[in-house]
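Colleague: Okay, here's the structure, questions in a sec.
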Amino acid sequence: MDRQKILVVDDENRMRKLVKDFLQRENFEVLEAGDGSEALDVFFAHQDIALIILDVMMPDMNGFQVLQEIRKKNNVPVLMLTAKSDEEDKVSGLRLGADDYLTKPFGINELMARVNSLIRRYTTLNPVAGSEAATMLLKDMVIDKVNRTVTLQNLPVELTGKEFDLLVFLASNKGRVFTKKQIYTQVWAEEYAFDDSNIMSFISKLRKKIEPNPEQPFYIQTVRGVGYRFNKEV
């Protein structure tokens with residue numbers, strides 16, 4: 001099983017090494033950055049990062065500015081570190097999209113508890129995210145899960161909210177067969193009473209928007225007598 005990646009961003013070499021050593025002992029893969037610009041370069045080069053530990057006080061580009069840039073593209077969990085205990089700093093970070101805040105000096109056990117909690121919460125609340133990239137690159141199709149957009153052969157595809165959720169769910173589980181009931185449970189939850197014809201209607205509408213030939217589906221395949229699957233060759 002691949003190790004989850006954590007990006008540690010801090011301009012203090014000693015602090016980065018300390019955090020890195022403990023994370024590696026917990027079997028995480030650790031990437032490092034010594035300033036804001038490097039952090040963005042590393043982050044956008046590794047779209048499977050599971051968590052960012054981000055120092056606030058850095059020269060040139062501080063942690064708040066880094067967080068703003070990341071939040072334009074991605075909702076990966078961010079744990080911010082600061083030498084300040086100023087309540088205003090904490091509020092600013094949370095308003096910009098930070099998930100948690102830890103004030104230096106901190107105990108390593110507290111850090112690890114927060115790291116594990118954030119990764120667990122993010123994976124649970126974002127079943128199609130976690131270790132997967134926020135942008136899915138498929139054959140002729142790009143799915144941006146953060147901005148909820150889809151392009152097909154570089155042209156935008158207009159999908160309703162549920163059509164998008166349905167597409168992301170199936171595309172995130174390529175090759176796996178789901179019954180209509182399973183699709184309903186994952187995508188619709190309690191919003192509608194389960195209805196075979198309702199699921200079939202959504203599949204049909206989605207196919208008309210994304211399939212080159214809806215009569216011979218390439219992306220969403222029918223498994224007769226069972227349900228549907230997303231083409232694993234995509």
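The values are calculated or read from the model by the stated rules, or taken from the named source; none is laboratory data. Model, not experiment: these values are computed from the prediction. Cβ atoms come from the backbone with ideal geometry, glycine included; neighbour counts cover every protein chain shown. Only protein heavy atoms, including side chains, enter the accessible area calculation; ligands, DNA and RNA are left aside. Shrake-Rupley method; radii C 1.70, N 1.55, O 1.52, S 1.80 Å.
Colleague: Inside the stretch 156-171, can you point out the residues that are within 18 Å of the chain's Cα centre (by Cα) and touching a residue at least 24 places away in the same chain (Cβ under 8 Å)?
Modeller: L166, L167, V168, F169, L170, A171
Colleague: Run R207 past the list (1) open to solvent by 70 Å² or more (accessible area, probe 1.4 Å); (2) in a helix (DSSP H, G or I); (3) basic (K, R); (4) touching a residue at least 12 places away in the same chain (Cβ under 8 Å) and report the number of the one that doesn't hold.
Modeller: Every listed condition holds for R207 apart from (1).
Colleague: If a residue has to be assigned to a loop (DSSP other than H, G, I, E, B) and over 23 Å from the mean Cα position of the chain (by Cα) to count, how many in the stretch 219-234 make the cut?
Modeller: Of the residues in that region, 3 qualify.
Colleague: For D21, indicate whether it is open to solvent by 20 Å² or more (accessible area, probe 1.4 Å), over 22 Å from G93 (Cα atoms), without any contact (Cβ under 8 Å) to a residue 24 or more places away in the chain and not polar (S, T, N, Q).
Modeller: Taking the combined requirement at face value, the residue satisfies it.
Colleague: Before we move on, is D60 surrounded by 13 or more Cβ atoms within 10 Å (Cβ to Cβ) and among the charged types (D, E, K, R)?
Modeller: no
Rundown of residues vs (1) free of Cβ contacts under 8 Å to residues at least 24 places away in the same chain; (2) farther than 22 Å from L137 by Cβ; (3) surrounded by fewer than 18 Cβ atoms within 10 Å (Cβ to Cβ), yes/no style:
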site	(1), (2), (3)
F28	no, yes, no
Q68	no, yes, yes
V76	no, no, no
T82	no, yes, no
